[in-house]
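Colleague: My structure is below; once you've seen it, I'll send some questions.
The values are calculated or read from the model by the stated rules, or taken from the named source; none is laboratory data. Source: prediction; values computed, not measured. As a convention, Cβ positions derive from the backbone with ideal geometry for all residues, glycine included, and neighbour counts pool all protein chains shown.
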Amino acid sequence: MSTEPFVTLAIAIGVGMLVGLQRERSSAGSHIGGIRTFPLVTALGALCAMVSGDVGPWLVAVGFLGVVATAVLGNVVSITRGDPEPGMTTEVAMLLMFVVGVVLAMDMREVAVAVGVGTAILLQLKETLHGLVRKIGDQDIRAVLQFALITFIVLPVLPNQTYGPFEVWNPYRIWLMVVLVVGLSLFGYVALRLFGGRQGAAVAGVLGGLISSTATTVSAARRIKQAPEGMGLMRSTVAVLMLATAVMYVRVGVLIAIVAPNQVRVMALPLGAVGAVVIVLALMSLTRVRNGSEHAAEHQNPAELKGAFVFGALYAVILLVVAASKHWFGDAGLFAAAGISGLTDMDAITLSSARLAERGMLDGAVAGRALLLASLSNLVFKTGLAWGLGGRRLALELAVWFAVIGGVTVAVWVFAT
């Protein structure tokens, strides 16, 4: 006799026990099902699916209806015991675990186990998720829905073919880059909302860099301008901005790896060398912070539809400018375009250079040096922002750190050339 059915049942019982353990140990507890009921429900689903080939598929339907009836009866009993909010989470989880058992018996173990473990994790994150919902507002929810709109509705209908001069405009791929950048920024934004407004400098800097290091500079400079004078706040602000800048280099490397996987070593190696130094400097700046808390920078939600269209247009323009500059003026034209576009944002020039390098329209080493130049102009621009919005003192504090980064960048440029 084959041992396969026993293996399937063992997996069903194990996954069911995992979810049942969570239900039984949850803060509210459960009168409907716990560590014994859930593995029984999952095993029931698996057994019904196993024998359905002999007795007919109706047995799975009967088993499912039986679980539904049990859940309803359990709710009735719970209400008679005086439970004011019986809820539906445990009941829905029971129905889902029955289906997990059925899927297991249909030889889709990876899917079944993933759903079962994901269910346990989702149930355990109840307080965290409810806390996140309480912290976000209607505008944030609308922006998340807008991100779903640009990802799952707008993106699939765009044509996946090239248009325009130099054949660099592909609507589908341009919008895919919008989804990539907005999604990465949205992740940082949600994490920032989840952690709260007052966090350590490390958290504020890392999450600020995930959203936008330039926007973090603007927010931090404005805040220190309005705050009372104090070396503690100044050092904390500098540490936040240094960490946000370090994350910018990591973010650029991630974008290159996604868009141009064949050019990672050539393009990302010079920036990676600079980024490693920036990370060390950022950690050094963090050690100077005595006060362990820092107000996280205020950011607008990056998933706003208007911002997505603006970035898409900016990316399309820079994509054309980079291709045209390289075609008409050679490397000098490319470096000029990189220096200008890198002033306010590194994402667009990174994506455009990586995309052209991956297509063979741009030498990877030249693209890497262009990004080095863009990062230099970005540092200069952020120093100017710090001076204009935060005052001379903040700009000078930041300039000392940025000067070291600039020196390393120039050295890497010379070595890479």
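Colleague: Could you tell me whether residue 332 is without any contact (Cβ under 8 Å) to a residue 24 or more places away in the chain, more than 20 Å from residue 213 (Cα to Cα), aliphatic (A, V, I, L, M) and assigned to a helix (DSSP H, G or I)?
Modeller: yes
Matching residues to (1) surrounded by 24 or more Cβ atoms within 10 Å (Cβ to Cβ); (2) hydrophobic (A, V, I, L, M, F, W, C); (3) on the phi > 0 side of the Ramachandran plot; (4) modelled with pLDDT under 80:
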site	(1), (2), (3), (4)
226	no, no, no, yes
252	yes, yes, no, no
259	no, yes, no, no
272	no, no, no, no
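Colleague: I need every pair where a residue in the range 159-172 that is closer than 15 Å to residue 324 by Cβ has its Cβ under 9 Å from the Cβ of a residue that is of a type in the set (Val, Ile, Thr) and part of a helix (DSSP H, G or I), sequence separation at least 6 or different chains.
Modeller: 168/322
Colleague: Here is a further query. Has the range 363-377 got any residue that is assigned by TED's automatic domain parsing to the domain that holds residue 213, closer than 14 Å to residue 266 by Cβ and of a type in the set (D, E, K, R)?
Modeller: yes
Colleague: Spot the failing condition for residue 203; the list is (1) surrounded by 18 or more Cβ atoms within 10 Å (Cβ to Cβ); (2) over 21 Å from the mean Cα position of the chain (by Cα); (3) modelled with pLDDT under 80, and only one is missed.
Modeller: Result: residue 203 passes all but (2).
Colleague: Turning to a different aspect of this structure: How about the range 99-186: which helices (runs of 4 or more DSSP H) wholly inside it have at least 1 residues that are touching a Lys or Arg at 6+ places or on another chain (Cβ under 6 Å)?
Modeller: Passing ranges, in order: 126-135.
Colleague: Looking at the range 403-417, I want the residues that are over 15 Å from residue 279 (Cα atoms) and assigned by TED's automatic domain parsing to the domain that holds residue 269 and have a partner that is modelled with pLDDT of 90 or more and loosely packed, with under 13 Cβ neighbours inside 10 Å with Cβ atoms under 9 Å, at least 6 apart or on another chain. Which pairs are those?
Modeller: none
Colleague: In addition: Of the residues 323, 296, 386, 282, which single one is touching a Leu at 6+ places or on another chain (Cβ under 7 Å), within 26 Å of residue 225 (Cα to Cα) and at pLDDT below 85?
Modeller: None of the other options fit; the residue is 296.
Colleague: With modelled with pLDDT under 90, under 22 Å from residue 262 (Cβ atoms) and not in a helix (DSSP H, G or I) as the only criterion, which of 362, 343 stands out?
Modeller: That would be 362, the only listed residue that is modelled with pLDDT under 90, under 22 Å from residue 262 (Cβ atoms) and not in a helix (DSSP H, G or I).
Colleague: Just name the residue that is nearest to residue 33 (Cα to Cα) out of those in the range 51-79 that are surrounded by 13 or more Cβ atoms within 10 Å (Cβ to Cβ), among the small types (Gly, Ala, Ser) and modelled with pLDDT of 85 or more.
Modeller: If we take residues in the range 51-79 being surrounded by 13 or more Cβ atoms within 10 Å (Cβ to Cβ), among the small types (Gly, Ala, Ser) and modelled with pLDDT of 85 or more, then 66 is nearest to residue 33 (Cα to Cα).
So that you can scan it fast, the table gives a plain yes or no per residue for (1) of a type in the set (Val, Ile, Thr); (2) under 30 Å from residue 44 (Cβ atoms); (3) modelled with pLDDT of 85 or more:
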{"residue": "94", "(1), (2), (3)": "no, yes, yes"}
{"residue": "100", "(1), (2), (3)": "yes, yes, yes"}
{"residue": "116", "(1), (2), (3)": "no, yes, yes"}
{"residue": "120", "(1), (2), (3)": "no, yes, yes"}
{"residue": "136", "(1), (2), (3)": "yes, no, no"}
{"residue": "190", "(1), (2), (3)": "yes, no, no"}
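Colleague: To continue, here is another question. Based on this model, can you work out whether residue 17 counts as in contact with a helix residue (DSSP H, G or I) (Cβ under 7 Å, 6 or more places away or on another chain) and either at pLDDT below 80 or within 16 Å of residue 123 (Cα to Cα) (or both)?
Modeller: Taking the combined requirement at face value, the residue satisfies it.
Colleague: Take the residues in the range 305-350 that are of a type in the set (Asp, Glu) and crowded, with 21+ Cβ neighbours inside 10 Å, then tell me which one is nearest to residue 184 (Cα to Cα).
Modeller: 347
Colleague: Does residue 154 fit the bill of being surrounded by 12 or more Cβ atoms within 10 Å (Cβ to Cβ) and either closer than 30 Å to residue 320 by Cβ or modelled with pLDDT under 85 (or both)?
Modeller: So residue 154 passes the test.
Colleague: May I pose another question? Residue by residue through the range 120-156, note down the ones that are hydrophobic (A, V, I, L, M, F, W, C) and either in contact with a strand residue (DSSP E or B) (Cβ under 9 Å, 6 or more places away or on another chain) or closer than 30 Å to residue 13 by Cα (or both).
Modeller: Listed by number, the residues that qualify are 120, 121, 122, 123, 125, 129.
Colleague: Follow-up. Quick one: in the range 116-151, of everything that is within 20 Å of the chain's Cα centre (by Cα) and of a type in the set (D, E, K, R), which residue is surrounded by the most Cβ atoms within 10 Å (Cβ to Cβ)?
Modeller: Selected residue: 140.
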